[in-house]
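Down below is the structure, laid out as structure tokens.
The values are calculated or read from the model by the stated rules, or taken from the named source; none is laboratory data. Model, not experiment: these values are computed from the prediction. Neighbour counts are summed over all protein chains in view; Cβ atoms, including those assigned to glycine, are modelled from backbone coordinates with ideal geometry. In case anyone asks, the SASA skips ligands and DNA or RNA and just uses the protein heavy atoms, side chains included. Shrake-Rupley method; radii C 1.70, N 1.55, O 1.52, S 1.80 Å.
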Amino acid sequence: MLETFGHLPVAWLLFAVLAAAAFMAFYVGRTQAVGIARGYTSQLNSQPNYHGYFVAMATIAPAAVILLIYMMFGESLVRAQFASELPERIRALGDLELGQYIDRISEHATRRDATATGNALFDAASDRYTDLVGLSRIAAILLAVLAAAGGFFFGRSRLSGDFRARARVEDGIKFLLFLCAAIAILTTIGIVASLLFEALRFFSRVNVFSFLFGTEWNAQTGADFGAIPLFFGTFLIAFLAMLVAAPIGLFSAIYLSEYASPRVRSIVKPILELLAGIPTVVYGFFALQFVAPIVRASATWINGLPFIPDGFLAAQPTSALAAGLVMGIMIIPFVSSLSDDVINAVPQTLRDGAYAMGATKSETVKQVVMPAALPGVIAALLLAVSRAIGETMIVVMAAGQRAQITPDPTADLTTITVQIVALLTGDTEFDSAKTLSAFALGFVLFIVTLIFNLIALRVVKKYREKYE
Amino acid sequence: MDGNMEHFTQTKSSARADAASAPIKVDCQNIDVYYGDKQAIEDISLQIEDRSVTAFIGPSGCGKSTFLRCMNRMNDTIESAKVTGKIFMDGANINDPSIDPVLLRSRVGMVFQKPNPFPKSIYDNIAYGPRIHGLASGKAEMDEVVENSLRKAGLWEEVKDRLPAPGTSLSGGQQQRLCIARAIAVSPEVILMDEPCSALDPIATAKIEELIDELRERYCIVIVTHSMQQAARVSQKTAFFHLGKLIEYGDTERIFTNPEHGRTQDYITGRFG
Ligand SMILES: Nc1ncnc2c1ncn2[C@@H]1O[C@H](COP(=O)(O)OP(=O)(O)OP(=O)(O)O)[C@@H](O)[C@H]1O
Ligand SMILES: [Mg+2]
């Protein structure tokens, strides 16, 4: 009931009505302001348009708040009322069962094609539930309309020659912007809090130190939770990735900003940035299908060389090296794009100064431009590292599952992110140490990348202050 | 228009007459500069004396900086810029393709409008030029070069205790003198200065002007300035540019007391520009 009006969903209709009300309120407010000014709008403290905006704001804001409150609490209100009307026998069931019973009724009641079940009590309850929902909707809409009307008249009553409408409207907009920012921040805090909460539950079962410093990881059987092999795998792969991404990214940034002609730059830069847009799963199967076999074949070949002991390299079908190489390619644009920005931000006057001293182009780049851009370049590298540490898809597909500590990059290694995926997919019970360990790993990952990002941001900020 | 042209040629010949007294360091002949299709300098010929200060004045956008940059081929670093004509420095045409601009720039120092110390220590800022040109062998010799340059730039007393501090930690006026010291360190023959005092307060400006006056004894100095007083105070010769053309060139004293050209008169008395 009251879900649709004709074929239109009520929510959309309501939205249209509110928008229309806002328009009307705007014109009424503006007309009134023009009337107050009697042709001398410069006499008004604020432009007539702002008076219009103010009345429109005063009209829809209260209605919007009421509808928002209904959306958040409407259902629990209906359920509470419904529960209180149920026969004593059912109410005595206890919270959990009562809740499940109401769930079943509400599910039945809100189904479009619901037909009578034959259970008289159930059907009656279901009808009653539908009525209550409809009633609550009507009540909410009525309240919203009343609030809108009240707001409209309140808004009009405030208008006068020296009413500071613009300031009020700006306050309103500022508040709206603040709300948006607050939502983003609150979400982040929520994520961190839930991670922390679950991690703490894990640490109440497993000692923090044996988690952080233990060298045996065997979470699937629930026995060992020493995360060092995972940390090792994560950092080894990130290191291999940086070995690829740092020089290539940096040199392409230098080429792009100092040597490339504008034409070449306008072609190459977008192509490089395209790399950042390729879905990581595509990189993942590139690593698995293409790079990993090559790594394995090369390792086997090296093993076959004279003077190399048999089995010197592990030559596994998935390997840290394959994942690291491809991940390196993936983060090249992170390094190059950011470094390119910082190198471009080095003032031209510095280059001119060096040229005027008789420095050659390469001397200028090496001795003046790069030292000036260094802090920003370091920040770019740090951001790339934190990206590499958090990367999941490539390592899930190409790095392997075995938790081991070995410097041999052709061995299969596992990482924090791979283990989180492994622990949380498939059948999981959310109460075992095994599952909870995933949250502890997630928390560690979060902290590490946070630290990298914070350092990078600080470095960038310091650098900005120097040149602006 | 005709009258202008007549006047212009007349001025040019008188400029030569003015300049007859001292040895010529830089002899520019028929210089044209284009930025893409736009001509910024039109057929300028001008001779600059050694061991004196020559001031370039003229309204904004008339091509002073562009012309100045011809003399150390800094226009080469601007992709769209194209320079034609000949500039003789000690008898050799620096626009000749066989001349290496990198070597040329070690002979012609430049100081910019905004102080631009390198992101290095005060010491390394000065040592930079001598190092890349191999002008000092060994630490002791380099120390001497650094001290001498800083002394000549009148900065030694202020910074001798903080040579390892970054060049950017100095005040604006000190930074500009650091840039002058940096230019001096490679023992150039010519020093070009593009509005070296426009970012400085009167006291720092006075110091730089004093310094320019001292440097005149050893170097050929060309200075671009928007301040008539500054041009009158520090220079021996003044060249007035307008819309890419050299309107009048001669002894500073004469230009400021008795300009031959109406436009020069208007500009120095502040009636346009
Ligand atoms: N890099 C450039 N590219 C294109 N045009 C330029 C460039 N530099 C200067 N110009 C143009 O050449 C003309 C002369 O410029 P220039 O900088 O030499 O003037 P100026 O006399 O030094 O002016 P100001 O006193 O404002 O410094 C101007 O019209 C300017 O727009
Ligand atoms: Mg200029």
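Which one of the conditions (1) closer than 30 Å to residue B:108 by Cβ; (2) within 14 Å of chain B (Cβ to nearest Cβ) does residue A:344 fail to meet, given that it meets all the rest?
All conditions are met except number (2).
If you go through the range A:36-51 one residue at a time, do you hit one that is within 33 Å of the chain's Cα centre (by Cα) and open to solvent by 60 Å² or more (accessible area, probe 1.4 Å)? Write out each step before concluding.
Here is the first cut: in the range A:36-51, the residues within 33 Å of the chain's Cα centre (by Cα) are none.
No, there is no match, as no residue in the range A:36-51 is within 33 Å of the chain's Cα centre (by Cα) and open to solvent by 60 Å² or more (accessible area, probe 1.4 Å).
Hey, could you check the range B:76-101 for residues that are in a loop (DSSP other than H, G, I, E, B) and within 14 Å of chain A (Cβ to nearest Cβ) and say which is nearest to ligand 2 (Cβ to nearest atom)? Even if it seems obvious, please write down each step before you answer.
Within the range B:76-101, the first condition is being in a loop (DSSP other than H, G, I, E, B), and the residues that meet it are B:78-80, B:90-91, B:94-100.
Now narrow it down to the ones that are within 14 Å of chain A (Cβ to nearest Cβ): B:78-80, B:94, B:99-100.
On the way: B:78: 13, B:79: 19, B:80: 17, B:94: 21, B:99: 24, B:100: 26 Å.
By that ranking, first place goes to B:78.
Would you list the helices (runs of 4 or more DSSP H) that sit entirely within the range A:1-94 and hold 3 or more residues that are touching a Phe, Trp or Tyr at 6+ places or on another chain (Cβ under 8 Å)? Working first, answer last.
Numbers: elements: A:10-37, A:48-85, A:88-91.
By residue number, A:10-37, A:48-85.
Check off (1) in contact with a helix residue (DSSP H, G or I) (Cβ under 8 Å, 6 or more places away or on another chain); (2) closer than 26 Å to residue B:181 by Cα; (3) within 16 Å of ligand 2 (Cβ to nearest atom); (4) away from chain A (no Cβ under 11 Å) for residue B:64 and give me the number that stays unchecked.
With (1) in contact with a helix residue (DSSP H, G or I) (Cβ under 8 Å, 6 or more places away or on another chain); (2) closer than 26 Å to residue B:181 by Cα; (3) within 16 Å of ligand 2 (Cβ to nearest atom); (4) away from chain A (no Cβ under 11 Å) applied to residue B:64, the lone miss is (1).
Given the conditions (1) outside any helix (DSSP H, G or I); (2) more than 14 Å from chain A (Cβ to nearest Cβ), report the number of the one that residue B:141 does not fulfil.
Among (1) outside any helix (DSSP H, G or I); (2) more than 14 Å from chain A (Cβ to nearest Cβ), residue B:141 violates only (1).
Here are B:69, B:107, B:73, B:131: which of them is within 24 Å of residue A:346 (Cα to Cα), open to solvent by 40 Å² or more (accessible area, probe 1.4 Å) and away from ligand 2 (no atom under 15 Å from the Cβ)? Break it down into steps so the answer makes sense when it comes.
Details: B:69 fails: away from ligand 2 (no atom under 15 Å from the Cβ); B:107 fails: within 24 Å of residue A:346 (Cα to Cα); B:73 fails: open to solvent by 40 Å² or more (accessible area, probe 1.4 Å).
The match here is B:131.
Select, from A:287, A:253, A:276, the only residue that is crowded, with 16+ Cβ neighbours inside 10 Å, out of contact with any strand residue (DSSP E or B) (no Cβ under 6 Å at 6 or more places or on another chain) and under 23 Å from residue A:373 (Cβ atoms). So that I can check it myself, show each step before the final result.
Working: A:287 fails: under 23 Å from residue A:373 (Cβ atoms); A:276 fails: crowded, with 16+ Cβ neighbours inside 10 Å.
The conditions single out A:253.
Among the residues of the range B:203-237, what is the count of those that are within 16 Å of ligand 2 (Cβ to nearest atom) and either in contact with a strand residue (DSSP E or B) (Cβ under 6 Å, 6 or more places away or on another chain) or not in a helix (DSSP H, G or I) (or both)?
Qualifying residue count, the range B:203-237: 7.
For residue B:112, are the conditions met, namely being within 16 Å of ligand 1 (Cβ to nearest atom), at pLDDT below 95, in contact with a strand residue (DSSP E or B) (Cβ under 7 Å, 6 or more places away or on another chain) and under 21 Å from residue B:180 (Cβ atoms)?
Working: within 16 Å of ligand 1 (Cβ to nearest atom): yes; at pLDDT below 95: yes; in contact with a strand residue (DSSP E or B) (Cβ under 7 Å, 6 or more places away or on another chain): yes; under 21 Å from residue B:180 (Cβ atoms): yes.
Judged against the criteria, residue B:112 is a match.
Restricting attention to the range A:347-358, does a residue exist that is open to solvent by 10 Å² or more (accessible area, probe 1.4 Å), in the same structural domain as residue A:267 (by TED's automatic domain parsing), among the charged types (D, E, K, R) and at pLDDT below 95?
Yes, the conditions are met somewhere in the range A:347-358.
Okay, residues lined up against (1) surrounded by fewer than 24 Cβ atoms within 10 Å (Cβ to Cβ); (2) over 28 Å from residue B:264 (Cα atoms):
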residue: B:77; (1), (2): yes, yes
residue: B:92; (1), (2): yes, yes
residue: B:98; (1), (2): yes, yes
residue: B:113; (1), (2): yes, no
residue: B:121; (1), (2): yes, yes
residue: B:126; (1), (2): no, yes
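Can you go through A:150, A:172 and tell me which one is outside the structural domain of residue A:76 (by TED's automatic domain parsing) and touching a residue at least 12 places away in the same chain (Cβ under 8 Å)? It would help to see each step written out before you state the result.
Details: A:150 fails: outside the structural domain of residue A:76 (by TED's automatic domain parsing).
One residue alone meets the criteria, A:172.
Against the condition more than 10 Å from ligand 1 (Cβ to nearest atom) and among the polar types (S, T, N, Q), how does residue B:80 come out, does it pass? Reasoning before the result, please.
Values: more than 10 Å from ligand 1 (Cβ to nearest atom): no; among the polar types (S, T, N, Q): yes.
No; evaluated as a whole, the condition is false for this residue.
Between B:160, B:120, which is away from chain A (no Cβ under 14 Å) and modelled with pLDDT under 95?
On the way: B:120 fails: away from chain A (no Cβ under 14 Å).
Of the residues listed, the single one that is away from chain A (no Cβ under 14 Å) and modelled with pLDDT under 95 is B:160.
How many of the residues making up the range A:331-358 are over 28 Å from residue B:73 (Cβ atoms) and among the hydrophobic types (A, V, I, L, M, F, W, C)?
6
Hey, among the residues in the range A:216-255 that are touching a Phe, Trp or Tyr at 6+ places or on another chain (Cβ under 7 Å) and free of Cβ contacts under 8 Å to residues at least 60 places away in the same chain, which one's nearest to residue A:417 (Cα to Cα)?
A:226
Do you know which residues across the range B:134-153 are surrounded by 17 or more Cβ atoms within 10 Å (Cβ to Cβ) and of a type outside the set (Lys, Arg)? I'd like the intermediate steps shown before the answer.
Taking the range B:134-153 first, the residues surrounded by 17 or more Cβ atoms within 10 Å (Cβ to Cβ) are B:136, B:142, B:145-146, B:149-150, B:152-153.
Within the range B:134-153, B:136, B:142, B:145, B:146, B:149, B:150, B:153 meet the criteria.
Taking the range B:171-221, which residues are small (Gly, Ala, Ser) and either crowded, with 19+ Cβ neighbours inside 10 Å or away from chain A (no Cβ under 14 Å) (or both)? Working first, answer last.
Quick first cut of the range B:171-221, residues small (Gly, Ala, Ser) only: B:171-173, B:181, B:183, B:185, B:187, B:198-199, B:204, B:206.
Result: B:171, B:173, B:181, B:183, B:185, B:204, B:206.
So residue A:224 fits all but one of (1) closer than 22 Å to residue A:445 by Cβ; (2) of a type outside the set (Ser, Thr, Tyr); (3) within 30 Å of the chain's Cα centre (by Cα); (4) open to solvent by less than 60 Å² (accessible area, probe 1.4 Å); what number is the exception?
(3)
Please list, ordered by first then second residue, the pairs with beta carbon atoms under 9 Å, 6 or more apart or interchain, first in the range B:179-197 and on the phi > 0 side of the Ramachandran plot and within 16 Å of ligand 2 (Cβ to nearest atom), second not polar (S, T, N, Q) and not in a loop (DSSP other than H, G, I, E, B).
If the second residue must be not polar (S, T, N, Q) and not in a loop (DSSP other than H, G, I, E, B), the pairs left are B:195/B:64; B:195/B:223; B:195/B:224.
Among the residues in the range B:45-53, are any assigned to a loop (DSSP other than H, G, I, E, B), within 16 Å of ligand 1 (Cβ to nearest atom) and either open to solvent by less than 30 Å² (accessible area, probe 1.4 Å) or modelled with pLDDT of 95 or more (or both)?
So the first thing to find is which residues in the range B:45-53 are assigned to a loop (DSSP other than H, G, I, E, B), and the list is B:50-52.
Subsequent filtering for residues that are within 16 Å of ligand 1 (Cβ to nearest atom) retains none.
Taking every residue of the range B:45-53 in turn, none turns out to be assigned to a loop (DSSP other than H, G, I, E, B), within 16 Å of ligand 1 (Cβ to nearest atom) and either open to solvent by less than 30 Å² (accessible area, probe 1.4 Å) or modelled with pLDDT of 95 or more (or both).
Give the residue, chosen from B:145, B:159, that is farther than 19 Å from residue A:357 by Cα, out of contact with any Lys or Arg (no Cβ under 7 Å at 6 or more places or on another chain) and among the β-branched types (Val, Ile, Thr). Before you say what the answer is, go through the steps one by one.
Numbers: B:145 fails: farther than 19 Å from residue A:357 by Cα.
None of the other options fit; the residue is B:159.
Against the definition (part of a loop (DSSP other than H, G, I, E, B), open to solvent by 20 Å² or more (accessible area, probe 1.4 Å) and not hydroxyl-bearing (Ser, Thr, Tyr)), how does residue B:162 come out, yes or no?
On the way: part of a loop (DSSP other than H, G, I, E, B): yes; open to solvent by 20 Å² or more (accessible area, probe 1.4 Å): yes; not hydroxyl-bearing (Ser, Thr, Tyr): yes.
When the stated conditions are applied, residue B:162 passes them.
Which residue pairs have Cβ atoms under 8 Å apart, sit 6 or more places apart or on different chains, and have a first residue in the range A:50-64 that is without any contact (Cβ under 8 Å) to a residue 60 or more places away in the chain and a second that is surrounded by fewer than 24 Cβ atoms within 10 Å (Cβ to Cβ) and of a type in the set (D, E, K, R)?
Within 8 Å, the pairs are A:52/A:30.
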